[in-house]
Every structure is written in structure tokens, then in C-alpha cells.
Amino acid sequence: MEKKFAKKIQTSGHNLKNLFLLLLLPLLFVSALGSAFGHGVGSETFPPVNLDGKQVTVELSSSQSDPETSDDQQISISMIDFDSKITLRDVTFHIKAEKGSQFLFEQEFKADNGFLVFNFVSEETDSIVIEEESESNVFGSLLGLDSRLIHVKGPKLSEGGLYKFDITILTADGYSKTLDEPLVFNAGISIAQTTRHDFVDPNFGDQNIHVVTYYDEISDFEYNPDSKEISYSMPFEWSRTNINQTSVVHEELVIPKAFGDLLVSGFTMHINGVQLSEDIATIDDFFADGRIVHFIIYQQELLRVLENGSNENGMNFLITPDRDYPHLSSVTENGQFRILASWEPENLQSGSGAKILFDVTDVFLKNKPVSTNYDFSVTQNDNVIYQQSGISTDSREEHNVAEFVIPEDVTGIVHLNFRNLDNNDLARTSIPIVIDRVTSQKEITIPDWIRNNALWWSEEQIDDTTFVQGIEYLIKNDIIVIPPTQQGDSSSQEIPSWIRNNAAWWAAGQIDDQTFVQGLEYLIQKGIIRV
């Protein structure tokens with residue numbers, strides 16, 4: 001299920017007055033954004049161009065008209081003197097506007113003080129409606145300026161996403177001064193768009209993940225509870241021209257802290273099958289109810305995806321927990337300590353022994369392990385399963401350890417509780433984990449044509465390597481779907497003879513799919529098939 005949030009994240013001020021403040025601030029200060037040239041972000045300033053001996057540019061910025069009363073989104077466009085930051089007079093803009101792939105309008109607008117404000121309003125209309133008005137306020141009155149406010153009304157226009165503007169400057173510093181060569185700017189302003197995705201996890205029950213995109217609307221969201229992978233798609237034009245205009249693509253995941261499987265210490269992102277650098281992901285755990293995972297994708301990463309042969313229609317994201325660092329992470333309520341926790345064995349079982357390994361690190365010392373007192377407990381509801389107190393180690397190689405036997409009547413979610421760190425009542429946090437993990441059972445499906453491969457292999461018409469590579473390809477691409485299977489690591493690549501017999505019998509229809517798949521599961525468990 002997918003729900004749209006009513007409120008969007010603000011990228012600038014609260015109302016039209018804030019837009020005038022945004023315009024006036026450069027008269028007093030050099031804005032930090034003054035040298036930022038971007039595409040697909042919340043503001044954009046173009047490199048200056050020459051106009052009659054002076055350097056001029058176009059600036060765009062976005063805001064909400066009034067977050068407390070409406071979701072209307074406003075985008076301002078101004079033409080300014082690059083050096084003085086003062087807007088030009090009597091500017092004629094020719095503007096073609098699109099939202100994503102939806103054409104909105106193409107029209108000329110005259111602005112006495114070189115400043116336009118487009119107010120995007122969601123209304124159920126059959127076509128896009130343009131309504132103009134001139135609005136004065138105290139700031140405009142003081143400087144003798146009027147703002148051109150243009151209402152753009154249509155379905156879903158205020159829900160955020162990527163707004164594209166092809167801007168042509170026809171006149172500047174006088175409506176009679178038609179430019180011999182019009183100035184052309186291609187801009188993209190992205191307004192944060194948040195979607196909520198609800199699902200039922202087999203271990204953690206009702207859960208949700210919010211996706212905040214600062215580029216364009218996403219689709220096809222999926223969460224795989226077995227691999228803990230998140231995937232979704234987003235429109236994107238894979239061309240060097242577009243990438244050169246795109247300063248950054250910013251995506252965020254908002255994950256509840258009750259969702260233990262995604263409290264991992266790191267994430268890896270793939271776009272169209274290309275793995276991105278580790279440093280694009282940042283985790284913000286300094287919230288009471290959830291964590292925000294930021295993915296900041298700069299031009300260098302986008303170019304690498306393009307150079308690796310991306311001919312996809314848009315971006316297909318795959319986000320996975322880091323496999324090299326399988327521990328969970330949580331920050332204490334006072335923001336001082338980060339706990340990194342893992343356990344052995346990987347799948348904890350009722351009535352069996354458990355070893356919890358954890359590090360106490362100091363956030364302000366770049367997560368360096370520190371020696372401090374702690375109280376640790378394992379609880380389910382109000383029942384204490386195990387508890388211990390001690391002094392944590394400050395060694396990166398030596399972990400703190402808690403060993404105990406899980407009672408036979410304990411199953412499902414339990415909490416690893418860390419309290420009273422450094423004798424501070426607020427230095428506390430809790431990490432939910434699962435006893436007797438449940439996997440989602442996938443239906444076994446094998447297309448009939450694969451029987452030919454199995455028959456050829458059983459008759460030694462193809463060798464073991466070719467057979468294994470073929471099966472790996474079919475599993476990876478979901479042509480053969482088998483239940484989740486723990487993968488082993490074996491130096492031996494020898495396939496037992498009984499599996500060859502199984503393949504011959506299955507090809508002849510003498511055994512069922514389930515029995516044949518058991519042979520494939522065996523090969524995965526032994527590390528002969530790698531998926």
C-alpha cells in the first residue's frame with residue numbers, strides 16, 4: 001500500500017514574504033548558495049553570462065506558500081546582476097514548464113522588476129489553468145517593487161517532484177530592448193516528495209518505510225524481508241547533458257526504530273546494477289522514533305553509472321544492508337554513545353545458547369570504542385531473560401560479550417537494552433532482534449524448458465561448470481524461484497553423483513520440482529552455486 005503525505009518538507013521560507021526576503025538577502029549578504037549551480041535541487045543559480053558588458057544570471061528557488069494552511073508549492077524565477085545581486089528591470093521571460101514528463105504550459109511573462117513567482121496548486125481540473133495576479137506586500141512597497149504571482153492549477157501539482165523550466169530571456173533593462181540573441185537557461189527544481197509504504201514483515205509485523213525523494217516521483221517500491229533489500233524506480237534521463245546539469249540526486253529512507261532488521265550500521269546502493277561508492281550513504285540516528293538514511297549521489301557517481309552502460313529508462317534503485325558489517329547500530333537518547341551489536345549463531349533459536357557481542361562507542365570521538373560502565377539486559381515485554389553489568393572495552397579488536405541460554409518458551413521479538421552508560425539515565429537505547437526467525441515462503445517455480453538443460457547435464461553433454469553457471473543465472477534472474485537458502489563457502493566444486501541422478505529423473509518427470517530443488521539448495525549450502 002502506498003500513501004502520499006499531506007505535508008511536504010520545506011526547502012525554503014514559509015510564504016510569499018519569505019520569497020521577498022530571499023530576494024532581498026543578497027542585497028545585504030553574499031548568499032552561501034550564490035556560487036552553487038545545480039539541477040534537480042531546491043534552488044539553482046546559473047553560471048553568469050554577458051549582457052551588454054555586465055554579468056547576469058537567472059536564479060530559481062522553491063518554498064511552500066503557507067505550510068500551515070496549504071500544500072501549494074511556489075517556485076520563484078529572477079534575473080539578476082551577478083555582481084550586485086540586484087534584479088534587472090523590465091524582463092520578458094518566455095517559459096516552458098513541465099512536471100516530470102507532464103507538459104504544463106508555454107507562455108511569455110513580463111516582470112517589471114525581473115521577478116516571477118509561480119504558485120502550483122493541486123486542483124481536479126481537466127487541463128492546466130494559468131491565473132495571474134499582481135501582489136504587493138510591505139517589502140515590495142518599501143522598494144517600489146511588485147511581484148508577478150502566477151497560479152498554476154491542475155491535478156497533483158503541489159505534491160512535489162521535479163519541475164523543469166526552459167527559460168528564454170527576450171528583453172532585459174527595458175521592454176523595448178529586445179535581445180538580438182535571447183539568453184536561454186534550462187532549469188530543474190526539485191521539491192521534496194514523501195511517500196509512505198506499508199507492509200507486513202514476517203518477523204516484525206506491521207512496518208512502514210518512508211521514501212523522501214528530492215528529485216522526482218518514485219514507483220514500484222518493494223521490500224524483501226529475506227534479503228532485507230529495498231528497491232524502487234524513478235525517472236531519470238541518462239545523458240551527459242542532463243548529468244552535467246544535475247548537481248546531486250538526494251534520496252532518503254525513514255525507518256522506524258522498532259524495525260530491527262533495518263537498524264544496520266551501513267547500506268549499499270546500486271543504480272541499474274552498478275554499485276555506488278560507500279560514502280554516498282549517511283545514517284542519522286538522532287531521532288526518537290526512527291532513523292533517516294541519506295543517499296547523496298553526485299555527478300561523479302551518475303557518470304560512472306552511465307559509463308557502465310546504463311541504458312535503462314530511469315533509475316532502478318536497490319538498497320541492501322552492508323554484508324561486510326552485519327551488526328546493528330543504535331544511538332543513546334542523549335546522543336553520546338553508539339551501540340554496535342551482533343550475535344552468534346546468526347539465527348537464534350529457543351532453548352539454545354546465544355552470544356551477544358557489542359561495542360560501546362563515543363559519537364563525538366568518531367565512534368571510537370570507549371571504556372565506561374553499562375547495564376545490559378535482554379527482555380521480552382516486561383520479562384527479563386538475561387542481564388549483566390560491567391565496564392566496556394575500549395579496544396577495536398576485543399568486543400564485549402554476553403552469553404546465555406534462550407528459554408524454550410521465548411520466541412519472536414526480544415530487546416537488547418543498554419542502560420546507565422557512564423552513570424547517565426539518558427544514556428540508554430534498545431535494539432529489537434528476533435528469536436526463531438521466520439522466512440517468507442516463496443512458491444517454487446521452474447519453467448519446463450529447463451528440463452532440457454538438466455537432461456543434457458545428466459547425460460554429460462554439458463560440463464559441471466556450464467550447468468552451475470546456467471543455474472546461477474536462472475536463480476539470480478528469478479527464472480528459477482527457490483526458497484531462501486543459507487549460502488555456504490566451500491573450496492570444493494565437486495557435484496555429488498546423486499544430484500546428477502536427480503536431474504535425470506526430474507527431466508524424465510520421475511521426481512517432482514520440490515525434490516529437484518532440494519538438490520539445488522544443497523549446492524547453494526555447499527557454496528558450489530553462488531547467488
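Overview of values
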quantity: Some residue of the range 317-325 being closer than 17 Å to SER430 by Cα and of a type outside the set (Ser, Thr, Tyr); calculated: no
quantity: Top-ranked residue in the range 180-222 [being hydroxyl-bearing (Ser, Thr, Tyr) and at pLDDT 90 or above; ranked as most open to solvent (accessible area, probe 1.4 Å)]; calculated: SER219
quantity: Selection count, the range 187-201, where residues are touching a Ser or Thr at 6+ places or on another chain (Cβ under 9 Å) and within 20 Å of ILE77 (Cβ to Cβ); calculated: 5
quantity: Residue list for the range 217-236, restricted to those being farther than 15 Å from ASN272 by Cβ and in a loop (DSSP other than H, G, I, E, B); calculated: GLU217, PRO225, ASP226, SER227, LYS228
quantity: Residues of the range 402-411 that turn out to be farther than 18 Å from SER329 by Cβ, assigned to a strand (DSSP E or B) and either acidic (Asp, Glu) or open to solvent by less than 60 Å² (accessible area, probe 1.4 Å) (or both), as a count; calculated: 2
quantity: Subset of the range 129-152 (residues that are at pLDDT 80 or above and open to solvent by 40 Å² or more (accessible area, probe 1.4 Å)); calculated: VAL129, ILE130, GLU131, GLU132
quantity: ARG437 being among the basic types (Lys, Arg) and either at pLDDT 85 or above or touching a Cys at 6+ places or on another chain (Cβ under 8 Å) (or both); calculated: yes
quantity: All positions within the range 412-421 that are open to solvent by less than 80 Å² (accessible area, probe 1.4 Å) and either charged (D, E, K, R) or in contact with a strand residue (DSSP E or B) (Cβ under 6 Å, 6 or more places away or on another chain) (or both); calculated: ILE413, VAL414, HIS415, LEU416, ASN417, PHE418, ASN420, LEU421
quantity: Leading residue by the ranking (farthest from ILE209 (Cα to Cα)) among those in the range 276-296 that are among the charged types (D, E, K, R) and open to solvent by less than 30 Å² (accessible area, probe 1.4 Å); calculated: ASP285
quantity: Neighbours by Cβ (under 6 Å, 6+ apart or cross-chain): first from the range 249-263, over 17 Å from PRO432 (Cβ atoms); second assigned to a loop (DSSP other than H, G, I, E, B); calculated: VAL249/TYR215; HIS250/TYR214
quantity: Whichever residue in the range 482-529 is open to solvent by 90 Å² or more (accessible area, probe 1.4 Å) and either assigned to a helix (DSSP H, G or I) or of a type in the set (Gly, Ala, Ser) (or both) and, among such residues, is modelled with the lowest pLDDT; calculated: SER491
quantity: Residue within the range 267-275 that is open to solvent by 20 Å² or more (accessible area, probe 1.4 Å), under 28 Å from VAL405 (Cβ atoms) and at pLDDT below 95 present; calculated: no
quantity: Unmet criterion (only one of (1) at pLDDT below 90; (2) closer than 26 Å to ALA427 by Cα) for HIS294; calculated: (1)
quantity: Residue in the range 391-401 that is outside any helix (DSSP H, G or I), acidic (Asp, Glu), within 30 Å of GLY205 (Cβ to Cβ) and within 34 Å of the chain's Cα centre (by Cα) present; calculated: no
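The values are calculated or read from the model by the stated rules, or taken from the named source; none is laboratory data. The structure presented is a predicted model; accordingly, all values stated were derived computationally and were not measured. So basically every Cβ, Gly included, is an ideal-geometry build from the backbone, and we count neighbours across all protein chains shown. For accessibility, only protein heavy atoms count, side chains too; no ligands or nucleic acids. Shrake-Rupley method; radii C 1.70, N 1.55, O 1.52, S 1.80 Å.
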